[in-house]
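> Here's a structure for you.
The values are calculated or read from the model by the stated rules, or taken from the named source; none is laboratory data. No experiment lies behind these values; they were computed from the predicted model shown. Neighbour counts are summed over all protein chains in view; Cβ atoms, including those assigned to glycine, are modelled from backbone coordinates with ideal geometry.
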Amino acid sequence: MTNNFPVDFILDKKNNTLTFRREFAARRQLVWDCYTQSELLDRWYAPENFSTKTRSIDFRAGGHWHYAMVAPNGNHAWGWIDFITINPIDGYATLSGFCNELGEINQELPRANWVQTFTDKGKNTVVETVITFASLADWETIAAMGMQEGMKSTLACLDILLATLTA
Amino acid sequence: MRRDIFQAIADPTRRAIIALIALQPMTPNTLAEQFDITRQAVSKHLQILVECAVVSQQQHGREIFYQLELEKMKEIDQWLEQFRKIWDARFRQLDQLLVRLQEGKNDQ
């Protein structure tokens, strides 16, 4: 059976970053491959009932991943990720954004910087993802891409608002 | 015009207004004293906050007080929580893929 590791999820109030950390029961090379090879990405990255379709991928600094999230109704949401730096198998940095089928980036939607770091933890691997956003408002569209209605939150409300008071 | 919570917090002045009226309801005049911007500019921000339903107005005699609607603020938590859930589900899928890869069952 699979392990059920929790996700550490931290909103950094000072640096406007969202960090999450997750442990996986596999060696670092294999986890790295799952993050960086399109045929493996296509098998886990899409939300349930969605599928990932890679249009093109060029995994090197300066390269990109052009992909679509395909909804159950057949709708395609196209994404574009620029690879900024790559240090196998320690980590890589990207700039994410949305685009169309042709790979033309939608300048009206926010782009975010992502830094992925892979470290050993015994025989397991810990992946840390740090997302830097220009403003909390930038997240509306990104969050909406994968959102489902009807979920509720029980967390306190003002804490997160105050976390945005960095300007 | 209906707006959403994210427009409310997109602007630093509006975030400051929210932080101030979170402590106590305030009139546009007392709010304007806190900022180096005109009363008109404060009113414009308040108007947007009202349209976002983050802030509501209450008439007390001749004065209008603006107060924070705490329920609306929870929307931010909700999408953060959804984002967390999406990644949690995604990581479980990766767990399963890793198990399959390690068992050598490369079932396409």
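> Taking segment B:1-52 as the region of interest, how many residues are hydroxyl-bearing (Ser, Thr, Tyr) and in contact with a strand residue (DSSP E or B) (Cβ under 6 Å, 6 or more places away or on another chain)? Before the answer, list the steps.
To start, the set of residues in segment B:1-52 that are hydroxyl-bearing (Ser, Thr, Tyr) comprises B:13, B:27, B:30, B:38, B:43.
Applying the additional criterion that residues be in contact with a strand residue (DSSP E or B) (Cβ under 6 Å, 6 or more places away or on another chain) yields B:27.
Result for segment B:1-52: 1.
> Another question, then. Anything in segment A:32-66 that is closer than 22 Å to A:Thr117 by Cβ and within 14 Å of chain B (Cβ to nearest Cβ)? List them, or say none. I'd like the intermediate steps shown before the answer.
From segment A:32-66, those closer than 22 Å to A:Thr117 by Cβ are A:32-38, A:40-41, A:44-45, A:57-65; that's our starting set.
Correct list: A:Trp32, A:Asp33, A:Cys34, A:Tyr35, A:Thr36, A:Gln37, A:Ser38, A:Leu40, A:Leu41, A:Trp44, A:Tyr45.
Table: residues versus (1) modelled with pLDDT under 85; (2) not in a helix (DSSP H, G or I).
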site: B:Ser56; (1), (2): no, yes
site: B:Ile64; (1), (2): no, yes
site: B:Gln67; (1), (2): no, yes
site: B:Lys72; (1), (2): yes, no
site: B:Gln82; (1), (2): yes, no
site: B:Trp87; (1), (2): yes, no
site: B:Phe91; (1), (2): no, no
site: B:Leu97; (1), (2): no, no
site: B:Asp107; (1), (2): yes, yes
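> Moving on. So is A:Thr129 at pLDDT 85 or above, touching a Phe, Trp or Tyr at 6+ places or on another chain (Cβ under 6 Å) and within 14 Å of another protein chain (Cβ to nearest Cβ) or not?
Here the answer is yes, as A:Thr129 does meet what is asked.
> Six or more apart or on different chains, Cβ atoms under 9 Å: show the pairs whose first residue is in segment B:19-46 and surrounded by fewer than 14 Cβ atoms within 10 Å (Cβ to Cβ) and whose second is assigned to a helix (DSSP H, G or I) and charged (D, E, K, R).
As it stands, the answer is B:Asn29/B:Arg39, since those pairs meet every condition given.
> Any residue in segment A:98-117 that is acidic (Asp, Glu) sitting within a Cβ distance under 8 Å of a residue that is surrounded by fewer than 17 Cβ atoms within 10 Å (Cβ to Cβ)? List the pairs, counting only those 6 or more apart or interchain.
So the pair list comes out as A:Glu101/A:His76.
> So A:Leu41 passes all but one of these: (1) under 15 Å from the mean Cα position of the chain (by Cα); (2) modelled with pLDDT of 90 or more. Which condition number does it fail?
It is condition (2) that A:Leu41 fails.
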